[in-house]
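Written out below as structure tokens is the structure these notes cover.
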Amino acid sequence: MATLSFTLARGGTSTVDIGYALNGGYAGRDIAQAQHHIDELAELGIPGPTSIPTLYPLASTLAVQADQVQVPHGRTSGEAEWALLIPAGATSADDYLVTAACDHTDRALEVHGVAWSKQSAPDFLGDLAWRWGDVRESFDAFTLRAWVTNDGVEELIQDGSPALLLSPDYWIGRIGEAGLLRPGTVVMSGTIPMLPGVDQFADAWRVELTAPDGTVSRVCYVVEELPAAWE
């Protein structure tokens, strides 16, 4: 079981022992925006879901705070997201935490099954978190952005806000109804559209979730492609 540590926006720190990981998908608040992401993936040969939103239970070990991912080939990429975490001592949803996140995914494997691909790479979580009760009313005004680095040049690839996605309260309700809202759970939000013409198969990813007061939660990591298998 991994223990993740967060600096809290209003001071102090919080640790969460991750026992369960759930990845939301195709979670745009606007159906047209969700369809846009489905179309993006279709261009990569990835079949769309039968219904939206989707939810993929993952191994808890995939939730990490790290600065590197090692991958088997050059067709993997991240996705800018927020993550919701349930600390063991939470007495209500107000005590849950929200932070920046990046869902790294094997796009070649995703062609054969989205659930499989989600199990093949980590979910990166940010360095700073907000208590959900403190930001519930302002969360839609946060910004959510991602940058990729290719050949030493950093470029914006995603630029939006949590207002584009189903809210943490939506997932708290749905996952709670399913009996999956347990201490140690991390919920990934699903992602926002990518800007056209930017190479997502990058050497590095950076995601920032920024509050209206300028407080920032960051994920930054490099992508290392491993040597080919001897077979």
> Where does each of TYR96, TYR56 land when they are ranked from fewest to most other beta-carbon atoms within 10 angstrom?
Replying inline: TYR56, TYR96
> Taking Cα atoms, how many degrees apart are the long axis of helix 31-42 and the longest axis of the chain, rounded to 10 and kept between 0 and 90?
Replying inline: 30
> Given TRP205, VAL219, GLY28, which one lies farthest toward the positive end of the charge dipole of the chain, if we put +1 on the Cβ of every Lys and Arg and -1 on the Cβ of every Asp and Glu?
Replying inline: GLY28
> Which residue fluctuates the most in the chain, going by a Gaussian network model with Cα springs under 10 Å, if the choices are ALA63, ALA80, ALA21?
Replying inline: ALA21
>> Which GluC sites (Glu not before Pro) in region 42-91 sit in a loop by DSSP (not H, G, I, E or B) and have at most 10 other Cβ atoms within 10 Å of their own Cβ?
In response: GLU43
> Size of the dipole of the chain about the Cα centre, Lys and Arg at +1 and Asp and Glu at -1 on the beta carbon, nothing else charged, in debye to 20?
Replying inline: 640
>> If I stretch the segment between HIS112 and GLU43 completely, what's the gain in nm (0.36 nm per residue apart, minus their alpha carbon distance), one decimal?
In response: 23.4 nm
> Can you pull the Kirkwood radius for the chain, inverse mean 1/r over Cα pairs, to one decimal in Å?
Replying inline: 17.6
> Ranked highest first by average number of other Cβ atoms within 10 Å, how do 187-198, 129-140 line up?
Replying inline: 187-198, 129-140
> Can you give the Kirkwood hydrodynamic radius for region 3-111, in Å, rounded to one decimal and based on Cα pairs?
Replying inline: 16.0
> Of the residues ALA42, ALA66, ALA211, which exhibits the maximal mean-square fluctuation in a Gaussian network model of the chain defined by a 10 Å Cα contact cut-off?
Replying inline: ALA42
>> Net charge within 14 Å of GLU43 by Cβ-Cβ distance, Lys/Arg positive one each and Asp/Glu negative one each, not counting GLU43 itself?
In response: -2
> With N residues in region 61-158, what two-decimal value do you get for its Cα radius of gyration over 2.2 N^0.38 Å?
Replying inline: 1.23
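No value in this document is a laboratory result; all are computed from the given coordinates. The shown structure was predicted, so the numbers you read here are calculated from the model rather than taken from an experiment. Positions of Cβ are generated from backbone atoms using ideal geometry, with glycine treated the same way; all protein chains shown enter the neighbour counts.
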